[in-house]
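> Structure incoming, see below.
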Amino acid sequence: MDTEANAEPKLSQESLVAPVAVVGANGYLGRHLSNLLLEHGLPSWRVGRQSQPQHASSPQPYRSSVPSIAEAIRGAKTVVHLATSTTPAIADADPNLELENIRLTVALIDACVSERVSHLIFASSGGTIYGDTGSSPATETLTPNPSCVYAVGKLAIENLLRLATERTSLKTTVLRISNPYGGSQTLKFAQGVVSYLANQAVARKPIHLLGNTVRDYVHVDDVSVAFVASILNAPKGHEIYNISSGIGSTLTDLCSKISEILGVSLEVCVGERRPFDLEYNVLESYKAQALLGWKPRIALAEGLRRYLSTFSGVSFP
């Protein structure tokens, strides 16, 4: 994997007139995907629950999903489903909240069918859905074995999409994303361990790790390109792709890389792993590379360097 920016997806003439509605566009992934769609001139609009857009200065149109999600996506050929209200920790604390994500998806599927949307793309969780795989990277052929409420909810949504494809003309794509990081990631809404580490390291505060788990970190810019590749390569039915770097890193690995980039020593304490945290989670993305023409291009060290520069306002070589 090199450190270049991801290659620009090629837009066909057909795709240039195929509008895209991004549901959940105010979230972490949604903001980055919306910006990339704008950069490529792909007709698109943002959909959110708020009556007004959070970023009013954006030239991209905005539609509220309240009171009608069908009206919000009307006219779209492709809908990207990024809306969620939970994290693994939140869902484990209150499983009822995960039901809201399932209800929203049922409503969105119904709206897509009624509005004759051709393609629905869903952001699933490669970081939790496979469960314990020992020390072997997970492929799409592996039977999911969710070990937390959050993953159970994601798998339920995947199955709802599969049924919709079997029973209607709607085509569906599932992107099982490993652990996205970088870009505008902040501590708000518990967007990931990288933002916590960056915040503590830049402030020269002690770092408390919940175990020393192994994870597969993929830069959010690479993830955004994967969504665009999925938009441009609609399936004939229901398809599932892992979106990942394919490289495992421990939490202490991350700390060491951040320490090296910042040129400071970090105080790191490794505590107990949470019950819903897997010891090891790495995904292989060969299918996405073969069928979507996508591959991760931003190496972890380069991605952390970019993020820390943005996070701290200091440029690192």
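> Suppose every Lys and Arg Cβ carries +1 and every Asp and Glu Cβ carries -1, with no other charges. What dipole size does the chain come out with about its Cα centre, to the nearest 20 debye? Numbers along the way, then the final one.
Details: 27 positive and 28 negative charges, 136 e Å.
Around 660 debye, computed over the chain.
> Right, next: Work out the FRET efficiency for Ser58 and Leu291 from their Cβ-Cβ distance, taking R0 = 35 Å, and round it to the nearest 0.05.
For Ser58 and Leu291, the calculated efficiency is 0.65.
> When the chain is fully extended, how far beyond the present Cα-Cα distance does Glu71 get from Glu279, taking 0.36 nm per residue of separation? Spell out each step's value before the answer.
Working: separation 208, 0.36 × 208 = 74.88 nm, distance 4.32 nm.
In short, 70.6 nm is gained.
> Taking springs between alpha-carbon atoms closer than 10 angstrom, which of Ile121, Ile90, Ile243 fluctuates most in the Gaussian network model of the chain?
In this elastic network of the chain, the residue with the biggest mean-square fluctuation among Ile121, Ile90, Ile243 is Ile90.
> Here is a further query. Could you run the Debye sum over the Cα atoms of region 28-139, one equal point scatterer each and no solvent, and tell me log10 of I(q)/I(0) at q = 0.10, 0.19, 0.20 Å⁻¹, two decimals?
-0.36, -1.12, -1.19
> Per residue and in cubic angstrom, what volume does the convex hull of the Cα atoms of the chain have? Please list the in-between numbers first.
Details: hull volume 41.6 nm³, N = 317.
It is 131 Å³ per residue.
> Label-point separation (nm) for Arg116 and Glu272, each offset 7 Å from Cα along Cα-to-Cβ?
Each label point is offset 7 Å from its Cα along the Cβ direction, giving 5.8 nm.
> If I model a spin label as a point 7 Å beyond the Cα along the Cα-Cβ vector, how far apart are those points for Leu99 and Thr143 in nm?
Distance between label points: 2.8 nm.
> Another one. What pairs from Lys77/Lys171; Lys171/Lys236; Lys77/Lys236; Lys77/Lys287 go past 18 Å between their alpha carbons? Mind dumping the intermediate values first?
Values: Lys77/Lys171 11 Å; Lys171/Lys236 7 Å; Lys77/Lys236 15 Å; Lys77/Lys287 24 Å.
Beyond 18 Å between Cα atoms: Lys77/Lys287.
> Helix check for the chain. Which DSSP H runs span at least 24 Å along their own axis by Cα, with a mean Kyte-Doolittle hydropathy no less than 0.5? Spell out each step's value before the answer.
Numbers: long enough: 96-114 (28 Å, 0.80); 149-167 (27 Å, 0.41).
For the chain, where a helix must reach 24 Å along its axis and average at least 0.5, the hits are 96-114.
> Over its Cα atoms, what ratio of radius of gyration to 2.2 N^0.38 Å does region 250-293 give? Mind dumping the intermediate values first?
Details: Rg = 16.1 Å, N = 44, 2.2 N^0.38 = 9.3 Å.
Compared with the compact-globule rule of thumb, region 250-293 sits at 1.73.
> For region 82-126, take every pair of Cα atoms, bin their distances at 5 Å starting from 0, and report each bin as a whole percent.
5, 20, 26, 22, 14, 8, 5, 1
> Just grab the label-to-label distance for Glu260 and Ser169, each label 7 Å out from Cα along the Cβ direction, in nm (one decimal).
Rounded to a tenth, the inter-label distance reads 5.4 nm.
The numbers here are math on the coordinates, done by the rules we state, and not lab data. Source: prediction; values computed, not measured. Heads up, the Cβs are rebuilt from the backbone with ideal geometry, glycines too, and the neighbour counts pull from every protein chain shown.
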